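Notes to accompany the following structure.
The values are calculated or read from the model by the stated rules, or taken from the named source; none is laboratory data. Everything quoted here is computed from the prediction, not taken from an experiment. Every residue, glycine among them, receives a Cβ derived from its backbone with ideal geometry; neighbour counts consider all protein chains shown. These area figures cover heavy atoms from the full protein model, side chains too; ligands, DNA and RNA do not enter into them. Shrake-Rupley method; radii C 1.70, N 1.55, O 1.52, S 1.80 Å.
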Amino acid sequence: MRIISPGYANTNVAALYAAAAGGGLDGSESDGTNLFDSNDIAFVGWGTYESTLTANAGNSPAGTTTAASLLETVNNDRHIAWAPSKDVISGTAYTYSIYVKSITRRYVQVLVYGQSSPKIYAYFDLQAGTVTDTGIVSPDGSSAISSTNCEVGANGFYKCTLRGVLDGTSFVTNLQVSLSDVATYGANVTAGAPYFTGSTSNGAYLWRPKMTT
């Protein structure tokens, strides 16, 4: 159940029901055909900046050792990873989701960008299980966020979901995950991602990136 509008906090009703059902989501839910291929899902070909992405580094919600670890460098910069570009129909809404679990970093930003300036994003609290901020960078009038959600997953994960239209001109998009020291977009943000001094022990586990229509 997606119940948030841009700029408002998520009351996380879906997460409460998932927890009540026992154990949380494990990736077996029916939520559309994944437009990412097997390499994307295995984090092969993902790019990184001031971070280290290691595949098969942790236990996933499904109980397999297929979660990737994303750890910061010590530099004062962005600490990000992004999926390879995917073809899209310009002006069409897509849903992007990824399971995330805190290692020591409480917040992550999920951001989608394309060939032009607009970007859509959401911030997630990996302790409280809530969406803490949403917005659009360089809005062009056609970019829009339809919904966001933060649902309880198994094994300490949360399923972080962002659905929206990027813009009316991009024919490819990228999913980007940023480790964050803040819960909202604002100060110390460069190129659409949080900017801070990292620690090699700080980061999060990532699992099952998904893109659907």
Next on the checklist: Run the reach check for Lys119 against lysines, Cα to Cα strictly under 19 Å, same-chain hits fewer than 8 apart removed. What comes back?
Outcome noted: Lys86, Lys210
Next on the checklist: With a 1.4 Å probe and all protein chains kept in place, how much accessible area does Ser146 have, in Å² rounded to the nearest 10?
Outcome noted: 60 Å²
Checklist entry - If you wrap a convex hull around the C-alpha atoms of the stretch 114-213 and split its volume per residue, what is the figure in Å³? => result 118 Å³
Checklist entry - For the chain, what is the accessible area per residue in Å², given a 1.4 Å probe and the full set of protein chains? => result 41 Å²
Item to check | Overall dimensions of the stretch 66-158 by Cα: Rg and Dmax, Å | outcome: 14.4, 40
Checklist outcome for this item: With x for Gly and Pro, the residue-by-residue ³J(HN,Hα) of the stretch 108-114, computed from phi through the Karplus equation 6.51 cos²θ - 1.76 cosθ + 1.60 at θ = phi - 60° and given in whole Hz, is 9, 10, 9, 9, 10, 9, x
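Normalised radius of gyration for the stretch 153-210, please: alpha carbon Rg relative to 2.2 N^0.38 Å, two decimal places.
This ratio for the stretch 153-210 stands at 1.37.
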Checklist entry - Per the 1.4 Å probe, what fraction of the accessible area of the stretch 37-113, in percent, lies on carbon and sulfur atoms? => result 47 percent
Next on the checklist: At q = 0.09, 0.12 Å⁻¹, what log₁₀ I(q)/I(0) does the chain have when each alpha carbon counts as one equal point scatterer in the Debye sum?
Outcome noted: -0.30, -0.54
Item to check | Summed residue charge, Cβ within 12 Å of Tyr205's Cβ, Lys/Arg positive, Asp/Glu negative | outcome: +3
